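Everything below concerns the one structure shown next.
The values are calculated or read from the model by the stated rules, or taken from the named source; none is laboratory data. Keep in mind the model is a prediction, meaning the values are calculated, not measured. All Cβ positions, glycine included, derive from the backbone under ideal geometry; neighbour counts span all protein chains shown. SASA here: full protein model, heavy atoms, side chains in, ligands and nucleic acids out. Shrake-Rupley method; radii C 1.70, N 1.55, O 1.52, S 1.80 Å.
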Amino acid sequence: MTKFIVVAGGVMSGVGKGVTTASIARILMGYGYKVTAIKIDPYINYDAGTLRPTEHGEVWVTDDGGEIDQDLGTYERFLDVDIPKKNNITTGQVYGTIIEKERKGKYLGQTVQFIPHVPDEIKRRLKEASKNHDIAIIEIGGTIGDYENIPFLFAMKSMEREMGKDNVTYVLITYLPIPSHIEEMKTKPTQQAIRLLGETGIIPDFIICRAKRALDKVRKQKIETYANIPSTHVISEPDIETVYSIPLDLEKEKLGLKILEELKLKPKKALNLDEWKRLVSRIENPKKSVKIAIVGKYVDIGDYNLTDSYVSINQSLLHAGAALNVGVDIHWVDAKSFENSKEKINELKDYDGIVVPGGFGASGVEGKIKAINFSRMRNKPYLGLCYGLQLAIIEYARNACKMETANTTENGKTKFPVIDILPTQKELMEKSDYGGTMRLGAYAAVLKEKSKVWELYKETGRLKEDMEKLEKLKKDKNQAFRLGILGKNKNIVLERHRHRYEVNPEFVSELEKKGLVFSGYHLREDNTKLMEYIELPKHKFFVGTQAHPEFKSRLGNPSPLFYGFVKACGK
Ligand code: GLN
């Protein structure tokens, strides 16, 4: 039977529930258990696919094509495992299933009600997602006291009744403010969060206290008395420099062992975080540092913290840096700023490398193309991700192949549609069928032997890893379409996708003739090729991919392209 750890947040959101959940999972995995993590998002959206990144942070893509809240990304980065889309449960999915079942007469004449049908469907989904694991850690999104998360807490309590308390443990993560006018850490909001959680019948077994500074003895005891749990179960989690040090900090308080004890489990092996420690210390004290510009578009939306929209790119650069012992100093540069001023583009010379991330629509596109042209002409390392590949193709077509008006049909009609909509996508767009309909998830690409891209996948061990994964994927009939035609090819890799447009096959040979190398493609059942990678052999590092390799980068297992890019930036 799978045991459950339920993580809920008190006081406010944004205190790092996701990284704490991932850290606990990482520690328990280190004790030899098979652990998975599940995210509950109480919003009514079916998934995160149609959410604006500025609203909810980055949209995370899973291997099986889910468009999910970014917390699933945090879990993967900490656990180094692929987590499927069923590990994200939203209110929309729960109600969607119930209504569908009701319409099909599956409730056999019953009145379909909030209780028991909603918690039952939640439990069904939790059991399905946690199957074949020793421990599942469930993070409940939002904050205790939100109307929306009540059904989920109810479901957890009901699960506890079914399974027995030894199989379910509750962790409450709170925040302790230190108001600047008194410089004193306050426990009151935490006390109130404990009380609110109590209203649902849940008494936390552990309270993790996030704060600017570490919790002192006096406050630990205050919480102990109020919550009626031993102060050894009140864990301090002060602000830190890198999220990856959280497992190390939590382990100092022996949280992993305490949770195992609560679940009546014993460590299966000794926890060894030495390699993790080494990587964290490299992030904290790198030997040298490179300065990277991410030329994006969301920069000018209010006071929004842009970095959240590109969190996986940030993390991928960090992972590559940790592997190479190079610090990455990331700067967000507004693509539009290059459109209004001629001189502005020269500011890019202060950077060691340039990334153009994924994106949609015409806004900022001309600025991004200018930045790409700058990297190409000045031999500055360039990494293009999805839209970043498409725009690199447009730049090359315009400036190296004399197709001055080359563009993507995403932004209107053009004589040289070097990037065009996938034929299968056209119909969907005509029907305004936007949700979950892009080319999503992992697709196989055949790499060109001896190309730079191929060398990087080989050097980092990813080629071997993906070839092994392929064997598994082949067995899954539902996923087999992701492979295309592979034949006897040895050089196959898997990366995740999220796009509607692609390199127009009609222009490939013209671009090739002028020196652009297509270093990987996906071969479809109908024998057409979708271009997946480009590179310029004579350039220091000029690589683009139609995929989003940032979704498969983990600490200790960096993404090959980011690894190659950061390495080139350091040279
Ligand atoms: N807008 C482009 C497309 O739909 C690129 C998408 C992306 O960068 N994720 O193909």
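Candidates in the range 161-177 are the residues that are within 31 Å of the chain's Cα centre (by Cα) and open to solvent by 30 Å² or more (accessible area, probe 1.4 Å); of these, the one that is nearest to ILE259 (Cα to Cα) is TYR175.
Selection of helices (runs of 4 or more DSSP H) fully inside the range 118-235 by the criterion of at least 3 residues being farther than 20 Å from LEU250 by Cα and either touching a residue at least 40 places away in the same chain (Cβ under 8 Å) or among the aromatic types (Phe, Trp, Tyr) (or both) returns 150-163, 188-198. Among the residues of this structure, ASN379 counts as one that is at positive phi and open to solvent by 40 Å² or more (accessible area, probe 1.4 Å).
Determine which member of the set PHE562, PHE507 is touching a Ser or Thr at 6+ places or on another chain (Cβ under 6 Å) and assigned to a helix (DSSP H, G or I). Only one candidate qualifies: PHE562. Could you list, in sequence order, all residues of the range 85-103 that are within 15 Å of ILE138 (Cβ to Cβ) and either among the charged types (D, E, K, R) or outside any helix (DSSP H, G or I) (or both)? Once the filter is applied, which keeps residues that are within 15 Å of ILE138 (Cβ to Cβ) and either among the charged types (D, E, K, R) or outside any helix (DSSP H, G or I) (or both), the range 85-103 yields LYS86, ASN88, ILE89, THR90. Taking the listed residues SER312, SER316, SER341, SER337, the one that is more than 16 Å from the ligand (Cβ to nearest atom), closer than 29 Å to ARG500 by Cα and among the hydroxyl-bearing types (Ser, Thr, Tyr) is SER337, with no other qualifying. Restricting attention to the range 536-555, the residues that are over 16 Å from the mean Cα position of the chain (by Cα) and more than 16 Å from the ligand (Cβ to nearest atom) total 7. Residues in the range 346-363 that are in contact with a Leu (Cβ under 8 Å, 6 or more places away or on another chain), within 16 Å of the ligand (Cβ to nearest atom) and among the small types (Gly, Ala, Ser): GLY358 alone.
Tallying residues that are assigned to a loop (DSSP other than H, G, I, E, B) and near the ligand (Cβ under 10 Å from one of its atoms) within the range 390-422 yields 1.
Confirm whether TYR31 is open to solvent by 60 Å² or more (accessible area, probe 1.4 Å) and touching a residue at least 40 places away in the same chain (Cβ under 8 Å). Considered against the rule, which asks whether it is open to solvent by 60 Å² or more (accessible area, probe 1.4 Å) and touching a residue at least 40 places away in the same chain (Cβ under 8 Å), TYR31 comes out as no. Scanning the range 466-501 for residues that are open to solvent by less than 20 Å² (accessible area, probe 1.4 Å) and within 16 Å of the ligand (Cβ to nearest atom) yields a count of 4.
Contact map, the range 338-366: first residue without any contact (Cβ under 8 Å) to a residue 12 or more places away in the chain, second residue of a type outside the set (Lys, Arg), Cβ cut-off under 7 Å, separation 6 or more or different chains; pairs are LYS344/SER337; LYS344/PHE338. For the range 59-67, the criterion of being open to solvent by 20 Å² or more (accessible area, probe 1.4 Å), modelled with pLDDT of 90 or more and not in a strand (DSSP E or B) is met by at least one residue.
ILE135 meets each of the listed conditions (1) aliphatic (A, V, I, L, M); (2) out of contact with any Leu (no Cβ under 6 Å at 6 or more places or on another chain); (3) under 26 Å from GLU76 (Cβ atoms) apart from (2).
Restricting attention to the range 525-535 and to residues that are within 16 Å of the ligand (Cβ to nearest atom) and over 17 Å from ILE372 (Cα atoms), the residue that is most open to solvent (accessible area, probe 1.4 Å) turns out to be MET531. Within the range 434-453, one or more residues are open to solvent by 70 Å² or more (accessible area, probe 1.4 Å), more than 30 Å from ALA400 (Cβ to Cβ) and either polar (S, T, N, Q) or not in a helix (DSSP H, G or I) (or both). Before we move on, is LEU126 in contact with a strand residue (DSSP E or B) (Cβ under 9 Å, 6 or more places away or on another chain) and over 23 Å from GLY359 (Cβ atoms)? Against the criterion (in contact with a strand residue (DSSP E or B) (Cβ under 9 Å, 6 or more places away or on another chain) and over 23 Å from GLY359 (Cβ atoms)), LEU126 qualifies. If you filter the range 401-414 down to residues that are surrounded by 16 or more Cβ atoms within 10 Å (Cβ to Cβ) and more than 33 Å from the chain's Cα centre (by Cα), you find that the one that is nearest to LYS514 (Cα to Cα) is CYS401.
You will find that of LYS258, LYS268, the residue that is in contact (Cβ under 8 Å) with a residue 40 or more places away in the chain, open to solvent by 10 Å² or more (accessible area, probe 1.4 Å) and touching a His at 6+ places or on another chain (Cβ under 9 Å) is LYS258 and no other.
For the range 480-509, a residue qualifies if it is under 17 Å from THR528 (Cα atoms) and not hydrophobic (A, V, I, L, M, F, W, C), and the qualifying residues are ARG482, GLY484, GLY487, ASN489, ARG500, TYR501, GLU502, ASN504, PRO505, GLU506, SER509.
For the range 78-97, the condition of being charged (D, E, K, R) and either touching a Lys or Arg at 6+ places or on another chain (Cβ under 6 Å) or at pLDDT below 90 (or both) holds for at least one residue. Just one of the listed residues (ASP334, ASP329, ASP352) is closer than 23 Å to LEU51 by Cβ and surrounded by fewer than 22 Cβ atoms within 10 Å (Cβ to Cβ), namely ASP334.
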